[in-house]
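Just so it is clear, none of the values below were taken in a lab; they were calculated from the coordinates. Because the structure is predicted, anything quoted here is derived from the model rather than measured. All Cβ positions, even for glycine, are placed from backbone atoms using ideal geometry, and neighbour counts span all protein chains on display.
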Amino acid sequence: MVGRDDQIVMLSLMTAGRGGSNRDHKDDALDAYIWVDDVDGLHAEFQRSGADIVAPPVMRIYGMKELEVRDLDGYVLCFGEEIKESG
C-alpha cells in the first residue's frame, strides 16, 4: 500500500507480461483500493456521471462500506469507507 496525505491506495502485483485487469484472472480481484470519507456521496456522483458501477455500496463484515467501479481502461477500483460501530 502507498499513500499520500489522507489517501491510501492498495496496488495489485501483476506477473510479468500478463497485463490487464486482475478481474480478468480472478472473479473478485481488485486493481486498486482507495479509502474515502463518503462512499454513498461518491456513488451518487458516479451515477450522475454515468460511470461503470460494478457493485453499489455494500457493508462488509470487516467494517468497510465498499463501492466498485470499472475505469475507462477496464480496471476495477474499489472505494471503501470505514464505518465505526455505534455504541
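General remarks:
- Chymotrypsin sites (Phe, Trp or Tyr not before Pro) within region 28-87: DSSP coil, no more than 12 neighbouring Cβ in 10 Å: TYR62
- Compared with the dominant Cα axis of the chain, that is its longest principal axis, helix 39-49 is turned about 60°.
- The chain: relative contact order as a whole-number percent, Cα under 8 Å and 6+ apart: 27
- Sparse-neighbourhood loop sites, trypsin sites (Lys or Arg not before Pro) in region 38-87 - DSSP loop, at most 14 other Cβ within 10 angstrom: ARG60, LYS84
- Between ARG60 and HIS25, full extension at 0.36 nm per residue minus the direct alpha carbon distance yields a gain of 10.3 nm.
- At an R0 of 25 angstrom, the distance between the Cβ atoms of GLU85 and ILE8 translates into a FRET efficiency of 0.75.
- Coordinate range of the alpha-carbon atoms in the chain per principal axis, descending: 49, 28, 26 Å.
- The GNM of the chain, with springs linking C-alpha atoms under 10 angstrom apart, assigns the highest mean-square fluctuation among LEU42, LEU72, LEU30 to LEU72.
- Charge sum, other residues only, whose C-beta stays under 15 Å from GLU66's C-beta, Lys/Arg counted +1 and Asp/Glu -1: -4
- Region 34-79: radius of gyration and largest Cα-Cα distance (Dmax), Å: 10.2, 30
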